[in-house]
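The values are calculated or read from the model by the stated rules, or taken from the named source; none is laboratory data. Just so we're clear, the structure is a prediction, and the values are computed from it rather than from any experiment. Note that we place each Cβ from the backbone using ideal geometry, even for glycine, and neighbour counts take in every protein chain shown. Quick note on the areas: whole protein, heavy atoms, side chains included, nothing else; ligands and nucleic acids left out. Shrake-Rupley method; radii C 1.70, N 1.55, O 1.52, S 1.80 Å.
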Amino acid sequence: VIPGWFSEISPMWPGEAHSLKVEKILFQGKSDYQNVMVFQSSTYGKVLVLDGVIQLTERDECAYQEMITHLPLCSIPNPKKVLVIGGGDGGVLREVSRHSSVEQIDICEIDKMVVDVSKQFFPDVAVGYEDPRVNLHIGDGVAFLKAVPEGTYDAVIVDSSDPIGPAQELFEKPFFESVAKALRPGGVVCTQAESIWLHMHIIEDIVANCRQIFKGSVNYAWTTVPTYPSGVIGFMLCSTEGPSVDFKHPVNPIDTDENCSKSKRPLRFYNSEIHSAAFCLPSFAKKVIEAK
Ligand code: AAT
C-alpha cells in the first residue's frame, strides 16, 4: 500500500491492484450492506468506492453508464418500460432518460446510502433522479424481480457490483430466470458481466445459464473503463423469445442532436459504430463464449 494512494485490492483480481492518487477523502460511512467511500483523486475526479472496489469515477463513468444503457435500449424499437437493478448512483437513469419513447423507469437499489452519497457528491450522475419517469425502490433486486408480474418490461438493466457481497445472487441462474419472466416477448436484458481478462470462468457460467434461459439472442459485449480492474468490463445482452433482436445492428439510434436535448450533456462515449464494435471479441474470449 502506497501512502496517499488508493489501491483496489480484491480476491477477484489477485496479484494486481490499480491505484489512484488521493487528494482528499470526502466521505466514509458504513451502511447495512457495505462500506461506502468517496474521495477526490488527482486525475479521475471524484471516485465512489464500495467495500474497497471502485464503482465510478467522474472522468470515465460515461464509458460504462452509456454502454450498459444504450446497448440494450438502442437495440429495440420504442422501449417504454425499463427496470434498473442496482445503479443507485443514478448514472444509468440519466442515460435511460435520453430515450423519449420511455414512459416508466423503475429502479431497485439495495443501499440507500449509495443514493444519498451520489446526490451529495456526484450531481452530474445523480441528475438521473430528476426525471419524473423515475420510481425509486430501495431493496434487494432479487426479491423485487420475483414480485414483478410476467411480461412487464421492455428492458432490464442490471448495473450490479461484483459477485462478492450483496450482488452475489445477481450472477446466479434463478435471478436470470426471474429477469426473463419479467420481460415481454422480445424484451432485452443487459447485465454487468465482468472482465474478459480476469473473469472468463464467471463469464462462461453466465453465458451457459443465459443460453438455457433466453430463447432469443445471447451476446457478450465489452467496453474500456480505465478505472475498472484490467481496464475493461463486459455486458451480457440477451433477449427473450419473440420479435427477434439483433444486438449488433442497433435499430433505435440515439447519437443525433435531437436525442441529446439541450438540458442534458451530450453523449461522450456511445455512438452507433462503437455499439456494433462492442460485440467483436478477441479470439481467446470468442472461443469460450461462442462454444457455450
Ligand atoms: N453505476 C456504477 C456501477 C456499479 S454500481 C452497483 C450498485 O449495485 C451499487 O450501488 C450496489 O449497492 C448495488 N447492488 C448490489 N447488490 C444489489 C442487490 N442485490 N440489489 C440491488 N442493488 C444492488 C457497478 C460497478 C461494477 C464494478 C466492477 N468492478
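Please state the relative contact order of region 135-206 as a whole percent: Cα pairs under 8 Å, 6+ residues apart?
37 percent
So, with +1 on the Cβ of K and R and -1 on the Cβ of D and E, and no other charges, what is the size of the charge dipole of region 22-64 about its Cα centre, to the nearest 20 debye?
Charge dipole, region 22-64, about its Cα centre: 140 debye, nearest 20.
Once you sort the root eigenvalues of the Cα gyration tensor of region 108-174 as a ≥ b ≥ c, which label holds: rounded (a/c under 1.5), prolate (a/b larger than b/c) or oblate (the other case)?
Note, shape of region 108-174 comes out oblate.
Could you identify which residue out of MET200, MET67, MET236 has the top mean-square fluctuation in a GNM of the chain using Cα springs shorter than 10 Å?
MET200
Just how much of HIS201 is accessible, in Å², when a 1.4 Å probe is used and the result is rounded to the nearest 10?
Taking all protein chains as shown, HIS201 has close to 110 Å².
Based on the alpha-carbon gyration tensor of region 167-292 and its eigenvalue square roots a ≥ b ≥ c, which shape applies: rounded if a/c is under 1.5, prolate if not and a/b is larger than b/c, or oblate?
oblate
Which percent of the accessible area of region 170-292 is formed by carbon and sulfur heavy atoms (probe 1.4 angstrom)?
Taking all protein chains in place, region 170-292 shows 54 percent carbon and sulfur surface.
Where Lys and Arg each count +1 and Asp and Glu each count -1, what net charge lies around GLU8 among other residues with Cβ under 15 Å from its Cβ?
Residues near GLU8 contribute -4 overall.
Could you check what % of the DSSP bridge pairs in region 35-134 are antiparallel, to the nearest 5?
60 percent
Calculate for the chain the 222 nm mean residue ellipticity that helices alone would give, adding -39,500 (n - 2.57) per DSSP H run of length 4 or more and normalising by residue count, nearest 500 deg cm²/dmol.
-7500 deg cm²/dmol
Which percent, to the nearest 5, of DSSP beta bridges fully inside the chain are antiparallel?
Just about 60 percent of them are antiparallel.
Once a ≥ b ≥ c are taken as the square roots of the eigenvalues of the Cα gyration tensor of region 83-145, is the result rounded (a/c under 1.5), prolate (a/b larger than b/c) or oblate (a/b not larger than b/c)?
oblate
So for region 115-252, taking the charge dipole from beta-carbon charges (+1 Lys/Arg, -1 Asp/Glu), which of VAL251, TYR129, PHE144 sits furthest toward the positive end?
Farthest towards the positive pole: VAL251.
Quick one: among ILE213, ILE68, ILE274, which has the greatest mean-square fluctuation in a GNM of the chain with alpha-carbon springs under 10 angstrom?
The residue that fluctuates most here is ILE274.
Using only protein heavy atoms and a 1.4 Å probe, report how much of SER101 is accessible, in Å² to the nearest 10.
For SER101, solvent-accessible area is about 30 Å².
Evaluate the charge dipole of the chain about its Cα centre and quote only its size in Debye, nearest 20, assuming +1 on the Cβ of each Lys and Arg and -1 on the Cβ of each Asp and Glu.
Dipole size: approximately 280 debye.
Counting only Cα atoms, I'd like the Rg/Rh figure for the chain, Kirkwood definition for Rh.
Over the Cα atoms of the chain, Rg/Rh equals 0.94.
Size of the dipole of region 60-208 about the Cα centre, Lys and Arg at +1 and Asp and Glu at -1 on the beta carbon, nothing else charged, in debye to 20?
That gives region 60-208 a dipole magnitude of about 560 debye.
Picking from GLY15, GLY86, GLY242, which is most flexible by a Gaussian network model of the chain using Cα springs under 10 Å?
GLY15
For region 1-120, count the residues as N, evaluate 2.2 N^0.38 Å, and divide the Cα radius of gyration by that value, please.
It is 1.18.
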